[in-house]
Amino acid sequence: MEPEPASKTSAIFEITGVTKIYQTGEVEVRALNGVELKLQRGEMAVLLGPSGSGKSTLLNIIGGLDRPTSGSVKFKGEELAAASDRELTLYRRNHVGFVFQFYNLIPSLTAWENVALITEVATSPMSPADALALVGLENRMHHFPAQLSGGEQQRVAIARAIAKRPEVLLCDEPTGALDSATGIIVLEALARVNAETGATTAIITHNAGIRKIAHRVYSFLDGRIASCVVNEVRIQPSEVSW
C-alpha cells in the first residue's frame with residue numbers, strides 16, 4: 001500500500017482559516033480556530049486527536065452539514081462556505097458519503113434493502129449487491145441488522161455510503177464501537193473502498209494506531225491542526241496495533 005506521490009494528486013478540498021464558534025448564552029466556544037489543510041483527491045486521510053479537539057466539527061463542515069463562522073472551504077475550487085441550503089443539500093446528495101460510529105440501519109429492512117434506500121435516489125449508483133460485495137457481505141445481504149454482528153452492520157453502513165459512488169467518504173469514529181478484531185475488518189473494508197473506487201476518504205479517530213494506514217495524518221489539538229505527516233510507507237489494516 002504505497003502512497004501516490006503528491007505530484008500526481010490534486011487537492012479536492014482546500015480549507016483556509018476556518019473558524020467555528022458556538023454561542024451558548026454568554027459562553028463562547030471556539031471549536032475550530034484557524035484550520036488550514038488540503039485533502040488530496042483519491043487519498044485516505046486520518047484526522048487524529050482527542051475528544052473536543054475539533055475533528056468532528058471540521059468533518060461536518062467539509063460534509064456540508066454545518067457552516068464555518070469564518071474562513072474558506074473549497075470543494076474542487078467551489079466555495080462551500082457561501083453555498084445556499086439547497087446547494088449544500090445537492091452537494092451532500094451527489095458527492096458525499098457518510099459513515100458514523102453508530103450504524104443507523106433500519107431494523108425492519110435487510111442489508112440489501114438498507115443499501116437500496118440510497119441507490120433508489122442516486123443519479124448513477126452501483127447496485128446494492130455490488131456495494132455489499134465490495135465490503136465482503138455478498139453472503140449476508142438478505143439478513144436483517146439484528147442477525148448481523150456489529151462489524152457487519154458497520155460494513156452495511158459503509159456499503160450504503162458508497163453505493164451512490166461518492167467522490168468523498170467521511171467517516172466519524174467508524175471503529176469506535178468495535179473491538180480490535182472487528183475494527184480491523186472495518187478498516188480493511190474502508191481501505192478496499194478507497195483503493196477500488198478512488199473516493200477521497202477521511203477517517204476521524206482518537207486511536208493513534210490507525211494513523212499508519214493513511215496517506216496523510218492530520219493531528220488536531222485545541223481546534224487547530226498541530227501537524228500533518230505523510231506516510232511514505234503505509235501499513236495494512238491487519239498490521240494495526242490497537
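What the table below lists for this structure:
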read-out: Residues listed by number, the range 212-238, amide nitrogen under 15 Å from Ser70 label point at 7 Å toward C-beta; value: none
read-out: Neighbourhood charge, 14 Å Cβ-Cβ cut-off, centred on Glu152 and excluding it, Lys, Arg +1 and Asp, Glu -1; value: 0
read-out: Tensor-based shape of the range 1-111 (alpha-carbon gyration tensor, a/c under 1.5 rounded, otherwise prolate or oblate); value: rounded
read-out: Furthest towards positive pole of dipole, Thr69, Gly151, Asn194, structure part the chain, Cβ charges; value: Thr69
read-out: Charge context of Phe100, other residues only, Cβ under 15 angstrom, K/R +1, D/E -1; value: +1
read-out: Cβ-based net charge around Tyr218, under 12 Å, with every Lys or Arg adding one and every Asp or Glu removing one; value: +3
read-out: Net lengthening on full extension, Glu78/Glu138 (0.36 nm per residue, minus Cα-Cα); value: 17.9 nm
read-out: Cα-based shape type of the range 164-240, given that a ≥ b ≥ c are square roots of the gyration tensor eigenvalues and the cut on a/c is 1.5; value: rounded
read-out: Virtual paramagnetic centre 7 Å along Cα→Cβ of Ser108, amide N under 19 Å, in the range 147-174; value: 147-148
read-out: Calculated volume of the Cα convex hull per residue in Å³ (choose from (i) 202; (ii) 118; (iii) 132), label; value: (iii)
read-out: Packing rank of 178-191, 27-40, where each peptide gets the mean count of other beta carbons within 10 Å, highest leading; value: 178-191, 27-40
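Computed from the coordinates by the stated procedures, all read-outs in this text should not be read as laboratory data. Small disclaimer: the values here were computed from a predicted structure and weren't measured. Virtual Cβ from ideal backbone geometry, glycine too; neighbours counted across all protein chains shown.
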